[in-house]
Amino acid sequence: MKKRIVSLFALAITGVVCLTLYSLGDIHLVMEIMGIEQYEETIHAKEDIKTTIVLDSGHGGYDTGCIANDGTYEKDITLAIALKTGALLSSYGYHVVYTRTSDEVSWSNNNKDDLATRVAIAQEADADYYISIHMNASENNDGANGFEIYVKGNNERILQIASRLESSLTSLAYTNDRGIKTTASSPLYVIDNNTVPAMLIEYGFLTDQNDAAYVCSEDGQQKLAQQLAISIQKNVPLSKS
Ligand SMILES: [Zn+2]
C-alpha cells in the first residue's frame, strides 16, 4: 500500500513537471522525461525537406553568350534547357530554384556582379546542388564540337551525376564526348566560388553546324534536359539527408 502511494505521488510529480515544461514549450525535454524517443521526430522532420537543385541558365539579359552562325544566342538555348530540366525535376519531387526564368535578370550589367549573384542565389536557397548550363563556341570556327562537363572534383555525388550524364549524352550520339574536366586547369567562377557542390555543362558548340542544329531543336533540348534530370534522379535522394 505504501509503495503504491509513493508511485502515485511520483507519477503526479512527473505529470506536473511535464505540464510545466510543456507550457514552457520544451517539448523535447517532456518527451525525454516521458521516455519517448525524441530523435524520431527530428528524423521525420528532415525527411520532409526536399533536396534543392539550382538550375543556372548561362548568360542572359545584357549578356548573349556565344552566337550561332544563324544568329541564335546561347542565353536563349541555356534557358530553354534549364526550364525543361526544371519541369522534369519538379515532377520527380525535387525543389527547383532557377537563377533566372526569363531574359530578365536580377543582376547588374557587370560580369562580376552577374556571377556573384548566381552563386548567392544558391547559398540563399540553402541549395544542395548547383547545375550550370552552357553552350560552347570556337573562336575561329575551326570545326570543334562536342560536349564537356566541368566539376571541382571534391564532391562524390557531383562526380556521379557528371559520370552518368556523360554516358547518357554519349548514348544520344549527337556529338563527341570531350570528357569530364576539373576546374583545377580551367577555373570557373560559379563552380570555384560556390559553397554549394556545383557542375557546369557545355552541351555543344554553337559554332558547329551539327551541334547547333541539335541543341537549338525542340526535340534535342528535351532529350538533353531529360538526360540531365535522370542523371540527378539516379544519384540524388529526393529529401535532404
Ligand atoms: Zn556560356
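The values are calculated or read from the model by the stated rules, or taken from the named source; none is laboratory data. Computed from a predicted model, the values in this text were never measured in an experiment. As a convention, Cβ positions derive from the backbone with ideal geometry for all residues, glycine included, and neighbour counts pool all protein chains shown.
Take the conditions (1) at pLDDT 95 or above; (2) away from the ligand (no atom under 16 Å from the Cβ); (3) surrounded by fewer than 18 Cβ atoms within 10 Å (Cβ to Cβ); residue 35 misses just one of them, which is (1). Taking first residues from segment 63-80 that are under 16 Å from residue 211 (Cα atoms) and partners that are acidic (Asp, Glu) and away from the ligand (no atom under 12 Å from the Cβ), the Cβ contacts under 8 Å between residues at least 6 apart in sequence or on separate chains come to 75/103; 76/103. Quick check on segment 186-198. Is at least one of its residues exposed (fewer than 14 other Cβ atoms within 10 Å of the Cβ), in contact (Cβ under 8 Å) with a residue 60 or more places away in the chain and β-branched (Val, Ile, Thr)? Yes: one or more hits. Taking segment 63-95 as the range and being part of a helix (DSSP H, G or I), aliphatic (A, V, I, L, M) and over 19 Å from residue 109 (Cα atoms) as the test, the residues that pass are 77, 80, 81, 82, 83, 87, 88, 89.
For the structure I just gave you, tell me whether residue 163 is without any contact (Cβ under 8 Å) to a residue 40 or more places away in the chain and loosely packed, with under 15 Cβ neighbours inside 10 Å.
Numbers: without any contact (Cβ under 8 Å) to a residue 40 or more places away in the chain: yes; loosely packed, with under 15 Cβ neighbours inside 10 Å: no.
The answer is no for residue 163.
Check segment 74-87 and report whether any residue there is buried (at least 22 other Cβ atoms within 10 Å of the Cβ), under 19 Å from the mean Cα position of the chain (by Cα), away from the ligand (no atom under 13 Å from the Cβ) and hydrophobic (A, V, I, L, M, F, W, C). No, because not a single residue in segment 74-87 is buried (at least 22 other Cβ atoms within 10 Å of the Cβ), under 19 Å from the mean Cα position of the chain (by Cα), away from the ligand (no atom under 13 Å from the Cβ) and hydrophobic (A, V, I, L, M, F, W, C). The residues in segment 120-137 that are away from the ligand (no atom under 13 Å from the Cβ) and part of a loop (DSSP other than H, G, I, E, B) can be counted, and the count is 4. The condition of being within 16 Å of the ligand (Cβ to nearest atom), surrounded by fewer than 22 Cβ atoms within 10 Å (Cβ to Cβ) and either in the same structural domain as residue 54 (by TED's automatic domain parsing) or modelled with pLDDT of 95 or more (or both) holds for residue 114.
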